[in-house]
1. Looking at (1) free of Cβ contacts under 8 Å to residues at least 40 places away in the same chain; (2) in contact with a strand residue (DSSP E or B) (Cβ under 8 Å, 6 or more places away or on another chain); (3) not in a loop (DSSP other than H, G, I, E, B), which is the only condition residue 58 fails?
2. Within the range 61-98, take every residue that is in contact (Cβ under 8 Å) with a residue 60 or more places away in the chain and assigned to a strand (DSSP E or B) and give me the one that is surrounded by the most Cβ atoms within 10 Å (Cβ to Cβ).
3. Do we find a residue being within 21 Å of residue 108 (Cα to Cα) and surrounded by 15 or more Cβ atoms within 10 Å (Cβ to Cβ) anywhere in the range 24-40?
4. Being surrounded by 16 or more Cβ atoms within 10 Å (Cβ to Cβ), at pLDDT 95 or above and part of a loop (DSSP other than H, G, I, E, B), is that true of even one residue in the range 99-120?
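The values are calculated or read from the model by the stated rules, or taken from the named source; none is laboratory data. None of these values were measured; they are calculated from a predicted model. Glycine gets a Cβ as well: all are built from the backbone with ideal geometry, and neighbour counts include every protein chain shown.
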């Protein structure tokens, strides 16, 4: 029985060699996510699609992946966004079409919002 605790060092690049898989892809295309909307807490929400494990969200020119049907938009900079969602392919099915686009504006934080956040932050640090 071999027990080792070693390191393998490889020098140089190994070129990628794509593997061609012959045969027909018999998976069906996933249904398109529906009921896409943004709630009062800046969370994008949409209806789950059966068999899907990942979703691709496009907001402007950025793409995000999530496994849930809820996604926080708080990381986006203020601005106007066209947002759409699609189901990502897996063993169960092919990538869906994009959902209908929704248009959403992320506003700059107001002074009151920033002050309230700062007050909560300082209270949590004591």
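1. The failed condition is (1).
2. 93
3. If we filter the range 24-40 for residues that are within 21 Å of residue 108 (Cα to Cα), which is where we start, we get 37-40.
Imposing the further condition that a residue be surrounded by 15 or more Cβ atoms within 10 Å (Cβ to Cβ) reduces the set to 38.
Scanning the range 24-40 turns up at least one residue that is within 21 Å of residue 108 (Cα to Cα) and surrounded by 15 or more Cβ atoms within 10 Å (Cβ to Cβ).
4. Looking for residues that are surrounded by 16 or more Cβ atoms within 10 Å (Cβ to Cβ), at pLDDT 95 or above and part of a loop (DSSP other than H, G, I, E, B), one finds at least one in the range 99-120, hence yes.
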